[in-house]
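Got a structure for you, questions after.
All of the numbers you see were taken from the coordinates with simple rules; none came from a lab. This one's a predicted model, so the numbers in the text were calculated from it and none came from an experiment. Note: ideal-geometry Cβ built from the backbone for every residue, glycine included; neighbour counts use all protein chains shown.
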Amino acid sequence: MTALTVGVSVNNLAEHYGLDDLLHAAVQAEELGFDAVWVHDAPLGRRTVAAWDPVAVLAALGRETRRVRLATGIYQPHLRNPVAVAQAWATADELSGGRTIMGVGTGAGKSRLVAREYDALAALRPDGTPDPQALYRRRSRLFLESVEIIRRLWTEDHVSFAGEFFTLDDVTIGLARPVGRPHPPIVMGAGHYIPESVGGAVHHMWTEQRAGTWLPGPLERVGQLGDGWITVQVTPEEYAGARDRVLAARPDHLRDKPFTLAFNCVVNVGEDAGAALAEVDRHLNEFHGPPVPADLVRRWGVVGSPRRVAEQLARYVEQGVTLFQLVVGSTDELGQMKRLGEEVLPLLHDMTG
């Protein structure tokens, strides 16, 4: 049986905590018994998140911590040069002793933010690159090429590649290989809830036809190409159905290999569940910018007393989740992290055996 790995995000409130505080929070998370720490990827920043490079942060955390896994949620490799990403990530993995997890995805956000990211991406490309919105429409292929190149550079001595976006001729990153073999797990994001009204983190995906539904995303692609799957805003029952689709898509030669099943949620521990959900609402609106629809907040939030939070998380463990990304939905990030570590984790471990 795969051991349960419970991780906490440590830079979701950078307006309130600086970079030194982030490093301290990661050390504190390790001392509190968490199994992983997560950092966000915000290439152009968010309302309350500085645009610190997540791979550089992981490298620092590799020296500041000793035990916890170090993960990104969610990193966008296709917004960078894949050769540089492979080298930088291998360096961070070496510094951590092989504890990194590359959580990746094509990204999400409000339309204007997505447009800004692809504007910046186009500025880095050679002449003749499609306009930014054309790149956005083709982001899945751009993402897949990036992941393929990174994985090959980690495992092969000489990489040649001719794709739609990238061309490599006998490229190697030499000794800059990850410690973990064959490479750090690449956990791919797929699936999110489309709110009943337009707004929030999935603004650019909203249509009337999709409103009020959980959109699975490319689950089969995740099963075929990923080392794991992470999703968000999903009920345990929806998770189970999507999980089956992901695992059914696994190639025969990989079915016996480890595969990570992960889940992201926004947590707030408090005896008054309504007040706790209101804090999650404030956090999501600060992070993504208002308005974040109320049904999306309810989908994303896991709130209530320590026992109630543990029971909700245990329902996902019952459906196969082995890795959690807990995002603290409060301005008191360190205080909430302490409550999670001291009051929720013991209960969750008791409930899940």
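May I ask for the distance between the Cα centers of the range 159-222 and the range 236-272, given as a whole number of Å?
15 Å
Something else now. What is the mean projected area of the alpha carbon convex hull for the range 240-334, to one decimal in square nanometres?
Averaged projected area of the range 240-334's Cα convex hull equals 7.4 nm².
Then there's this: How compact is the range 66-110 by the rule of thumb for globular proteins, expressed as Cα Rg over 2.2 N^0.38 Å?
Cα Rg divided by the expected 2.2 N^0.38 Å: 1.24.
Something else: Rounded to the nearest 5, what is the percent of antiparallel bridges among the DSSP beta bridges in the chain? It would help to have the intermediate numbers written out before the result.
Numbers: 6 of 41 bridges.
About 15 percent, rounded to the nearest 5.
Once both axes come from the Cα atoms, what is the angle between helix 273-288 and the longest principal axis of the chain, in degrees from 0 to 90, rounded to 10?
Compared with the principal axis, the helix lies near 30 degrees.
Amide H to amide H, which residues 5 or more places from Tyr75 or on other chains are under 5 Å from it, using H placed in the peptide plane?
When sequence neighbours closer than 5 places are left aside, the close amide H contacts are Gly103, Val104, Gly105.
Next up: What does the convex hull of the Cα atoms come to per residue for the chain, in Å³?
Here the figure is 127 Å³ per residue.
Still on this structure: So who's got an amide H within less than 5 Å of the one on Trp229, skipping anything under 5 residues away but keeping other chains? H placed 1.01 Å off N, in plane.
The list, which skips near neighbours in sequence, is Met188, Thr260, Leu261, Ala262.
Go through the range 304-313 residue by residue and turn each phi into a ³J(HN,Hα) via Karplus (6.51, -1.76, 1.60, θ = phi - 60°); whole Hz please, and just put x for glycine and proline.
Values, residue by residue: x, 5, x, 5, 5, 5, 4, 5, 5, 5 Hz.
Next question, about the same structure. Between exposed GluC sites (Glu not before Pro) in the chain, where DSSP calls loop and at most 16 other Cβ atoms lie within 10 Å, what's the longest gap?
16-155
I want the local charge near Val85. Using Cβ-Cβ distances under 13 Å, sum +1 for each Lys or Arg and -1 for each Asp or Glu among the other residues.
-2
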